1. So which pairs qualify, if the first residue must be in the range 29-46 and in contact (Cβ under 8 Å) with a residue 60 or more places away in the chain and over 16 Å from Q9 (Cα atoms), the second must be among the β-branched types (V, I, T) and not in a helix (DSSP H, G or I), the Cβ gap must be under 6 Å, and the two must be at least 6 apart or on different chains?
2. If I ask for residues that are of a type in the set (A, V, I, L, M), closer than 18 Å to K45 by Cβ and either surrounded by 13 or more Cβ atoms within 10 Å (Cβ to Cβ) or in contact (Cβ under 8 Å) with a residue 40 or more places away in the chain (or both), which ones from the range 6-28 would you list?
3. Determine if the range 28-50 includes at least one residue that is in a loop (DSSP other than H, G, I, E, B) and modelled with pLDDT of 75 or more.
4. Inside the range 4-27, can you point out the residues that are in a helix (DSSP H, G or I) and among the polar types (S, T, N, Q)?
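The values are calculated or read from the model by the stated rules, or taken from the named source; none is laboratory data. Note that the structure is a prediction, hence the values are computed from the model and not measured. For neighbour counting, all protein chains shown are included, and Cβ atoms are generated from backbone atoms with ideal geometry for every residue, glycine included.
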Amino acid sequence: MAAGMDDKQLLKRLALMEALHAGAATPGGHDAAAPARERIQARPKRLQSEELE
């Protein structure tokens, strides 16, 4: 997670990645956007598990 990024910023970034993925005009565009979207979606779960440790 980027230093200082809060939940609101994370959700905004996720929305942008989802829009990029949904609006991709080519299969390559989907392939390019998917990993970033998946990483951003995984961050809240990872951060929550780190807080519990």
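1. none
2. Passing the criteria: L10, L14, M17.
3. No: zero hits.
4. Q9
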